[in-house]
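Student: Quick one: structure below, then a few questions.
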Amino acid sequence: MLSKRIIPCLDVKDGRTVKGVNFVDLRDAGDPVELAWQYSQQGADELVFLDIAATHEKRKTTLDMVKAVARQVNIPFTIGGGISELKDAEALLNAGADKISINSAAVRRPELINELANAFGVQFVVVAVDTKHLPHGDFVHLNGGRIPTEIQTQHWIKEAESRGAGEILLTSMDKDGTKSGFDYILLKEINDRVTIPVIASGGAGNEQDFIDVFQKSDVDAALAASVFHYGEILIPELKALLKQNNIAVRI
Amino acid sequence: MIGIVNYGAGNIFSLTSALERLNIQYGMINQESDFDLYEKIIIPGVGHAGTAMQKLTESGLVPAIKALKKPVLGICVGMQLITSYSEEGNSDLLDIIPVKTLRFKEEVSHKVPHMGWNQIYPENDSPIFSKIAPGTYFYFVHSYFIEFNPKFTAATCNYGIKFSAGIQKDNFYAVQFHPEKSGEAGEQLLKNFANL
């Protein structure tokens, strides 16, 4: 049976991981390779790296990091941040990235999804969507949730799918950072509408939140950052608990 | 030493990295005479099977591949190339193992691509699945699958339908998942191939 995936997300800047990471046996919490390796040993199914300060000048630093991760880590990983052209994506593919994640660039120029899917295959293209509830519906937001658009989240996701997105990474900006659980209702609504995998993001606070997101919305994967980095949730324990709750996980 | 058929179908950095982690020596096959340099051959591949077949044909390596008596391992689209035919682009392929590559039917309950970790069940005692227990998880990313065949299937996987996660005929082996991305299980499979 296809397992549900647990995905730690790492923010990187200038080729180094940022945000506090609190692993006891870590020699260098800023080293993305060591962190990625640790997570792969703990049973993470996949990793996402978000380059939070991606610029053209710093592209080479990111590529060096991607290569270093690909050399050492035996699970798939996705790179997001600052990808707006085919050549950005191609360089990441050649450096060993399994997938790339695009967000604002796809909203600004949706044809980018078609171009990437045609050039590298749909499996390579993750479309990340930041969404917020507003009184008149759910709307796509840009730049980490700061800039609202008039694009309805549900419509945008269907469009992204039809243009060649291979996967949707849906972050609820209402939930992100609150540790109050994932947005099960919206996730279920989206998950029921598409025939590509959906990754839930935003709101993970405890182990029950992961049980709930899989049981209530049936998404394919759940992503979180701080609960893993600070050791509040340990992946082996989380997966054992998911399994006890009859959720298919790789152990 | 393993030779990797270098015909321009996708990135092989992850594959060569995995071989390096396992201390398995490898080199690239760019022309027919290069086949003599290696004891075993890997045919990698990602993307569109029809396009990959076209590139392989243009490389001029097809007759030499078909004539190989050394162990050969096809990975992902490299596996599909070894079959007769793919529904992707309605393409005729190498026809080394007489099975077909078909498209998954899209359903909300079984999304396409089939992406993620799924369990495999070895069949027919194929040596590349040695020391790999039934139910072991491997990492898959694909929209087309190779039909189950009682004779040639070396491992099965279920995704709405039972399909071939691995196939074998004589010295030709192939796997649909990505061993280079499948954690320790994938490393075991690469070691099994290297030790054939």
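Student: Within the set A:Lys175/A:Lys243; A:Lys243/B:Lys151; A:Lys158/B:Lys66, which residue pairs have Cα atoms separated by over 32 Å?
Tutor: A:Lys243/B:Lys151; A:Lys158/B:Lys66
Student: Determine the dipole magnitude for the protein assembly as shown: charges of +1 sit on the beta-carbon of Lys and Arg, -1 on that of Asp and Glu, nothing else is charged, the reference point is the Cα centre, and the result goes in debye to the nearest 20.
Tutor: Dipole magnitude for the protein assembly as shown comes out near 380 debye.
Student: Taking B:Lys69 as the anchor, which lysines have their alpha carbon closer than 19 Å to its alpha carbon, excluding any fewer than eight residues away along the same chain?
Tutor: Result set, ordered by chain and number: B:Lys40, B:Lys169.
Student: In addition: Given a cut-off of under 8 Å on Cα pairs at least six residues apart, what relative contact order in percent is computed for the range B:72-170?
Tutor: Reported as a whole number, the value is 23 percent.
Student: Ranked highest first by the average count of other Cβ atoms within 10 Å around their residues, in what order do A:46-55, B:33-42 fall?
Tutor: Top of the packing list down: A:46-55, B:33-42.
Student: Which lysines does B:Lys105 reach when only Cα atoms under 16 Å apart count, and residues fewer than 8 places away in its own chain are ignored?
Tutor: B:Lys162
Student: Another one. Just to compare against my own numbers: the Cα pair-distance distribution for the range A:36-93, 10 Å bins, whole % per bin, please.
Tutor: Histogramming the range A:36-93 at 10 Å steps yields 22, 54, 23, 2 percent.
Student: Averaging over all projection directions, find the projected area of the Cα convex hull of the range B:2-194 and quote it in nm² with one decimal place.
Tutor: 9.5
Student: Moving on to the next point. Take every Cα-Cα pair in the protein assembly as shown and report what % of them are more than 42 Å apart.
Tutor: 11
Student: Ignoring everything except DSSP H segments at least 4 long, calculate the 222 nm mean residue ellipticity for chain A; use -39,500 (n - 2.57) per segment, divide by total residues, nearest 500.
Tutor: -10000 deg cm²/dmol
Student: Now, a different point. How much length is gained on full extension from A:Leu234 to A:Ile185, taking 0.36 nm per residue of separation minus their Cα-Cα distance?
Tutor: 15.0 nm
Student: Something else now. Of all DSSP beta bridges in chain B, what percent run antiparallel (nearest 5)?
Tutor: Percent antiparallel among DSSP bridges in chain B is about 60.
Student: Let me ask you something else. Using a simple spin-label model with points 7 Å from Cα along the Cα→Cβ vector, what separation in nm is obtained for B:Ala133 and A:Asp64?
Tutor: 4.2
Student: Tabulate in residue order the Karplus-calculated ³J(HN,Hα) for the range A:165-182, using 6.51 cos²θ - 1.76 cosθ + 1.60 with θ = phi - 60°, rounded to whole Hz; enter x for Gly and Pro.
Tutor: Listing the rounded values in order: 5, x, 6, 10, 10, 9, 10, 7, 6, 5, 9, 4, x, 8, 6, 10, x, 6 Hz.
Student: I need B:Asp92, A:Asp31 ordered by Cβ neighbour count within 10 Å, fewest first.
Tutor: With the sparsest Cβ surroundings first, the list reads B:Asp92, A:Asp31.
Student: A follow-up question, please. For chain A, what is one quarter of the convex hull surface built on the Cα atoms, given in nm²?
Tutor: 12.4
Student: Give me the lysines in straight-line cross-link reach of A:Lys239: C-alpha distance below 22 Å, same-chain residues under 8 apart excluded.
Tutor: Candidates past the 8-residue exclusion: A:Lys4, A:Lys179, A:Lys188, A:Lys216, B:Lys181.
Student: Explain nothing, just the number: dipole magnitude of the range A:5-244 about its Cα centre with +1 on each Lys and Arg Cβ and -1 on each Asp and Glu Cβ, in debye rounded to the nearest 20.
Tutor: 280
Student: Then there is this: Could you please state, rounded to a whole Å, how far the C-alpha centre of the range B:35-55 is from the C-alpha centre of the range A:68-134?
Tutor: What the calculation gives is 25 Å, centre to centre.
Quick note: the coordinates plus some simple rules give every number you see, no bench work behind them. Worth saying up front: this structure is predicted, and the values here are computed from it rather than measured. In this analysis, Cβ positions are derived from the backbone assuming ideal geometry, glycine residues included, and neighbour counts consider all displayed protein chains.
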